[in-house]
Amino acid sequence: MKEKITYTSIDEYISACSPEVQEILQTLRAVIKESAPDAKEKISYAMPTFELHGNLVHFAAFKNHIGFYPAPDGIHEFQDEVAEYHSSKGTLQFPLGKPMPYELISRIVKYRVGRNLEKAKGKRVGKKLI
């Protein structure tokens, strides 16, 4: 049975990837930091994670894509713009070998910051009080 690798930091996670993927992940990390300057970094679900009043976004490297996890509302809010990417409930897959949509990622992260701040303040989010 293969032993599961556990990472203790985002730096450690990124350094375990190929140089080409490391470059993409470092840029992605910088875009997230710039879009959510108050967010804290951690490893959660064995993936690089940013949190601000709860999990904000996760990302991970795979053989053929970069997985980006902005929660279902982060995908739903931008559904027309993310339509070209494979997605599921809370996941977007950005194929390796194609340009990463960093500007779109930045807007999704900023949206998620707003949602988490609203939840933290107990304001009305959509039609329900969180």
Looking at (1) surrounded by fewer than 12 Cβ atoms within 10 Å (Cβ to Cβ); (2) touching a helix residue (DSSP H, G or I) at 6+ places or on another chain (Cβ under 8 Å), find the lone condition where Ile66 falls short. (1)
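Listed residues Glu51, Glu84, Glu12, Glu20; which is closer than 25 Å to Lys119 by Cα and either out of contact with any strand residue (DSSP E or B) (no Cβ under 8 Å at 6 or more places or on another chain) or free of Cβ contacts under 8 Å to residues at least 60 places away in the same chain (or both)? Walk me through it before giving the result.
Working: Glu84 fails: closer than 25 Å to Lys119 by Cα; Glu12 fails: closer than 25 Å to Lys119 by Cα; Glu20 fails: closer than 25 Å to Lys119 by Cα.
The match here is Glu51.
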If you go through the range 1-39, how many residues are exposed (fewer than 11 other Cβ atoms within 10 Å of the Cβ) and farther than 23 Å from Leu104 by Cβ? 9
Test Pro19 against the criterion of being at negative phi and in contact with a His (Cβ under 8 Å, 6 or more places away or on another chain), and give yes or no. no
Filter the range 89-117 for residues that are more than 14 Å from the chain's Cα centre (by Cα), surrounded by fewer than 17 Cβ atoms within 10 Å (Cβ to Cβ) and within 18 Å of Leu56 (Cα to Cα) and give the result. Gly114, Leu117
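Just to be sure before I move on: is Lys127 more than 25 Å from Pro19 (Cα to Cα), surrounded by fewer than 14 Cβ atoms within 10 Å (Cβ to Cβ) and modelled with pLDDT under 95 in the structure I sent? Walk me through it before giving the result.
Numbers: more than 25 Å from Pro19 (Cα to Cα): yes; surrounded by fewer than 14 Cβ atoms within 10 Å (Cβ to Cβ): yes; modelled with pLDDT under 95: yes.
Considered against the rule, which asks whether it is more than 25 Å from Pro19 (Cα to Cα), surrounded by fewer than 14 Cβ atoms within 10 Å (Cβ to Cβ) and modelled with pLDDT under 95, Lys127 comes out as yes.
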Give the residues of the range 33-59 that are closer than 21 Å to Ser15 by Cβ, under 8 Å from the mean Cα position of the chain (by Cα) and of a type in the set (A, V, I, L, M), sorted by residue number. Val57
Would you call Gly54 over 16 Å from Ile24 (Cβ atoms), touching a Phe, Trp or Tyr at 6+ places or on another chain (Cβ under 7 Å) and modelled with pLDDT under 95? no
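Every residue, every condition in (1) under 23 Å from Leu117 (Cβ atoms); (2) of a type outside the set (Lys, Arg); (3) touching a Phe, Trp or Tyr at 6+ places or on another chain (Cβ under 6 Å), yes or no:
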| site | (1), (2), (3) |
| --- | --- |
| Val31 | yes, yes, yes |
| Ala39 | yes, yes, yes |
| Ala46 | no, yes, no |
| Asp73 | yes, yes, no |
| Asp80 | no, yes, no |
| Leu92 | yes, yes, yes |
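The values are calculated or read from the model by the stated rules, or taken from the named source; none is laboratory data. Fair warning: this is a prediction, and the values are worked out from it, not measured in the lab. Methodologically, a virtual Cβ is constructed for each residue, glycine included, from the backbone with ideal geometry; neighbour enumeration extends over all protein chains shown.
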